[in-house]
Amino acid sequence: MRSRVLLIYTGGTIGMNRNPQTGALEPFDFEHLLQNVPELEQLFTFHSSPLTLDTFQFSPAIDSSDMTPARWTDISHCIADRYADYDGFVVLHGTDTMAYTASALSYMLENLTKPVIFTGSQLPIGQLRTDGKENLITAVEIAAAKDAEGHALVPEVGIYFGGHLLRGNRTTKQSAEEFNAFESFNFPHLVNAGVNITYHRERILRPDWAKPMTPHFRLDNNVIIFSLFPGIREDLIRHIIHTPNLKAIVMRTFGSGNAPQSPWLLNALREGTRNGKVIVNVSQCLQGAVEMSRYDCGYHLQEAGVISGRDMTVESAVTKLMFLQSHYPDSPDTVRSLMTQSLRGEISQ
């Protein structure tokens, strides 16, 4: 059975070319990207089943630093509008905000039954040492992969980079220099690609195949992220707490979810939750989980109404809040409750 994959180019280093006058990287026309990857023709010829690859290009290309919730909605529409026509989707995206976009789409595409694989590169695909070719070719192969019953092997949003497929809402960019740019520190890899491509099917989400994928296009970005640090000022925290229209805060704490026990901080957090703000505790550590009952300072945060983000990434927590706030705009208690539940595999059970 022929597999059809849609390759969506949003922008990013993978589709850049170096300006000979300035030396700066600039986006070039998407058609040149395919010209730089003749190996894709071999994938069509030697793949275990026939493969059709179509392309869609965002114009102008989006620098990932300029990514916004409105553009996440555009990408979601691009997929939802063509969902019935394809077996899988590969999204080429800049690396800087890829984890945010993948997290957002994991919430926006409910009961996903087909792969949505994000990838990109650290070097432009036209450069000799580029990592883009392998990332692109393997991402396409994973997006096209099906089981004996014709179901997608990876029916979820993932990030493929450096030989590994990671759950999108578990992933963080870990390096601006290495080809292995991403890691999911609190969840194992879904797929490892070496000589063979190994699918860890027990780790992959299983949708209800009998139900359709339900897209969601609304997001509420009245949320902010701030990190605690020794010496943080009371007036700045209170300024954040009293920001008009702010609905939620992702608070990056120390270690397993610890914060200073200063009375002013606890009082400010308590005041924020009393006024309907959702405050989520996420660790500054890349690996590990928030355990607010472990130390006395965490217990006091609970008393102030702060909820645990457990082992969510910052990217996942902030995009989940945007998603939930758009659906429950007048019910912070519902948002708090759902933030502690795993909706798309973003929290360990």
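The values are calculated or read from the model by the stated rules, or taken from the named source; none is laboratory data. These numbers were taken from a predicted model, which means no experiment stands behind them. Positions of Cβ are generated from backbone atoms using ideal geometry, with glycine treated the same way; all protein chains shown enter the neighbour counts. Accessible surface areas use protein heavy atoms only, side chains included; no ligands, DNA or RNA. Shrake-Rupley method; radii C 1.70, N 1.55, O 1.52, S 1.80 Å.
Too long at a 25 Å Cα-Cα cut-off: which of Lys211/Lys247; Lys173/Lys211; Lys114/Lys320? The answer is Lys211/Lys247; Lys173/Lys211.
Accessible-area rank, largest first, for Cys297, Cys285: Cys285, Cys297, with all protein chains present and a 1.4 angstrom probe.
Exposed loop sites are taken as GluC sites (Glu not before Pro) in a DSSP loop (any state but H, G, I, E or B) with at most 13 other beta carbon atoms within 10 Å; the longest stretch of the chain without one runs 179-349.
Accessible area per residue (1.4 Å probe, heavy atoms of protein chains only) ranks Thr55, Thr253, Thr73 as Thr55, Thr73, Thr253, with the largest value leading. Once the C-beta distance of Arg218 and Ser59 is scaled by a Förster radius of 22 Å, the resulting FRET efficiency is 0.30 to the nearest 0.05. Once C-alpha pairs closer than 8 Å and six or more residues apart are averaged by separation and normalised to the residue number of the chain, the relative contact order reads 15 percent. Computed with a 1.4 Å probe over protein heavy atoms only, the accessible area of Ser103 comes to about 0 Å². What is the Cα centroid distance between region 60-91 and region 98-129, reported in whole angstrom? Region 60-91 and region 98-129 have Cα centres spaced 10 Å from each other.
Counted residue by residue at 0.36 nm each, then reduced by the alpha carbon distance between them, the extension gain from Asp147 to Leu123 reaches 5.3 nm.
In this structure the chain gives 44 Å² per residue of accessible area when probed at 1.4 Å with all protein chains present.
The aspartates and glutamates within cross-link reach of Lys146, meaning a Cα-to-Cα straight distance under 17 Å and a gap of 8 or more places when in the same chain, are Asp85, Asp87, Glu156, Glu202, Asp208.
If you wrap the tightest convex hull around every Cα atom of region 172-273 and split its volume per residue, you get 209 Å³.
Computed on protein heavy atoms with a 1.4 Å probe, the accessible areas place Trp264, Trp209, Trp72 in the order Trp209, Trp264, Trp72, largest first. Here the label points at His239 and Phe185, each 7 Å from Cα along the C-beta direction, are separated by 2.9 nm in the simple model. For Tyr299, the accessible area of its heavy atoms, probed at 1.4 Å with every protein chain present, is near 110 square angstrom. Per residue, the convex hull spanned by the Cα atoms of the chain amounts to 148 cubic angstrom. Across the alpha-carbon atoms of region 216-287, the computed radius of gyration and Dmax are 12.7, 41 angstrom. Across the chain, the longest run free of exposed loop sites, meaning trypsin sites (Lys or Arg not before Pro) lying outside DSSP classes H, G, I, E and B with no more than 14 other Cβ atoms within 10 Å, spans 3-128.
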